[in-house]
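The values are calculated or read from the model by the stated rules, or taken from the named source; none is laboratory data. Predicted model, so just to flag it, every value in this text is computed and none were measured. All Cβ positions, even for glycine, are placed from backbone atoms using ideal geometry, and neighbour counts span all protein chains on display. The protein model used for the area step is the full one, side chains on, heavy atoms only, and it has no ligands, DNA or RNA in it. Shrake-Rupley method; radii C 1.70, N 1.55, O 1.52, S 1.80 Å.
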Amino acid sequence: MSADTLLSLLSKVKQTKPGSWLACCPVHDDKSPSLSIRETMDERVLIHCFAGCTVHEIVSAVGLDISDLFPPRTERQFIKGERRPFPAADILRAIAFESTLVLIAAADLLAGNPFNETDRTRLVLAVARIRTALQAGGIHE
């Protein structure tokens, strides 16, 4: 399967560079793209949700199987693993977006505007996404 098949099943797809995209995750109520998709040179499709949804949950939500993310294997095929499957630029874009939400929340608090439950929930989600993005980049607290 090519990445195009998966991308056609997702919403708010935006190409970030050749072979890499961001989209809304189909597993959770995603208002802004938190799902990173990348197609490798050997035609594997790598996916990562910065909100923490698993690969199994994501492919199931769009009616696919994990095996759909890989090209058909031949007997003699050997695939070398990748250390960092997600480009730093994708991780930084996700962190930048969520950091902007944290900045807006901080400005509202400094202006004396109280948070409602929706604001509080979104702020907690932003922090969780930042932590997940850092972990995807190999940075562990």
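Values computed for the structure shown
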quantity: Where trypsin sites (Lys or Arg not before Pro) fall in DSSP loop in the range 1-78, at most 13 other Cβ within 10 Å; calculated: Lys31, Arg73, Arg76
quantity: Acute angle (nearest 10 degrees) that the helix 117-136 long axis makes with the longest principal axis of the chain, alpha-carbon atoms; calculated: 40 degrees
quantity: Residue-normalised accessible area of the range 1-68, expressed per residue, 1.4 Å probe, Å²; calculated: 49 Å²
quantity: Residue-averaged 222 nm ellipticity for the chain, from DSSP H runs of 4+ at -39500 (n - 2.57), nearest 500; calculated: -12500 deg cm²/dmol
quantity: Relative counts (whole %) of C-alpha pair distances in the chain, using bins that are 10 Å wide; calculated: 11, 38, 32, 13, 5, 1, 0
